[in-house]
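The values are calculated or read from the model by the stated rules, or taken from the named source; none is laboratory data. Note that the structure is a prediction, hence the values are computed from the model and not measured. All Cβ positions, even for glycine, are placed from backbone atoms using ideal geometry, and neighbour counts span all protein chains on display. All accessible areas refer to the heavy atoms of the entire protein, side chains included, with ligands and DNA or RNA removed. Shrake-Rupley method; radii C 1.70, N 1.55, O 1.52, S 1.80 Å.
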Amino acid sequence: MPTPSMEDYIERIYKLIDEKGYARVSDIAEALSVHPSSVTKMVQKLDKDEYLVYEKYRGLVLTTKGKKIGKRLVFRHELLEQLLKVIGVKSENIYHDVEGIEHHLSWDSIDRIGDLVQFFEEDPTRVEALIDIKKRNEDH
């Protein structure tokens, strides 16, 4: 299993390739706000662990294993963003909050969160009921 740091890189690389068709060291460094030398070290580690294939000065591609994990990581991130939106977290806090919690949840928890998000999205009045309960509790 990849470390949380490795997950951040795999997720970002997956998204860059999905959006642009490629992921360069400089793109990854900019997206993660790290130095290119740090990216190079991590990319070499991810290559060694067979998440991607990296050739110096030629770029990188995700392996089947890397694509599978990348897709799951992006799904996890987007699902957690959905959950925080549904429960009314301020939009300016969502990205930072997701970054803080996404590596600390099991995939079982992620599956249950998916069920919960689906439950709330199927009937928006369910969220409204939660908000009403919160307001009543604050009034007492």
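The dipole here belongs to the range 75-139: it is taken about the Cα centre, uses +1 on the Cβ of Lys and Arg and -1 on the Cβ of Asp and Glu, and is about 180 debye.
Diagonalise the Cα gyration tensor of the chain and give the resulting equivalent ellipsoid semi-axes, square root of 5 times each eigenvalue, largest first, whole Å. Walk me through the intermediate numbers first.
Values: eigenvalues 261, 44, 30 Å².
Semi-axis lengths for the chain are 36, 15, 12 Å.
Summing Cβ point charges (Lys, Arg +1; Asp, Glu -1) relative to the Cα centre of the range 39-81 gives a dipole of roughly 100 debye. Under the criterion of Cα pairs below 8 Å and six or more residues apart, the relative contact order for the chain equals 19 percent. Put a plus charge on the Cβ of each Lys and Arg, a minus charge on the Cβ of each Asp and Glu, and nothing anywhere else: the dipole of the chain about its Cα centre is then about 700 debye.
Compute the accessible area per residue over the chain, keeping the other protein chains in place, probe 1.4 Å, unit Å². Intermediate values should be presented prior to the final figure.
Details: 9280 Å² over 140 residues.
I get 66 Å² per residue for the chain.
Think of the range 98-140 as having a plus end and a minus end, set by charges on the Cβ of Lys, Arg, Asp and Glu; of S109, I131, V98, I131 sits farthest toward the positive end of this dipole. Taking N as the residue count of the range 17-88, its C-alpha radius of gyration divided by 2.2 N^0.38 Å amounts to 1.26. Using a Gaussian network model of the chain in which every pair of alpha carbons under 10 angstrom is joined by a spring, one finds that among V74, V25, V127 the greatest mean-square fluctuation is at V127. Mean projected area of the convex hull spanned by the Cα atoms of the range 65-123, taken over all viewing directions: 4.3 nm².
Among the protein heavy atoms, those of E81 account for about 40 Å² of accessible surface (1.4 Å probe, every chain in place). Springs join every pair of Cα atoms under 10 Å in this Gaussian network model of the chain, and among G114, G59, G70 the largest mean-square fluctuation is at G59.
Given axes a ≥ b ≥ c from the Cα gyration tensor, I'd like to know whether the range 1-43 is rounded (a/c under 1.5), prolate (a/b larger than b/c) or oblate. Mind dumping the intermediate values first?
Numbers: a/c = 1.98, a/b = 1.14, b/c = 1.74.
Since a/c reaches 1.5 but b/c is at least a/b, the shape of the range 1-43 is classed as oblate.
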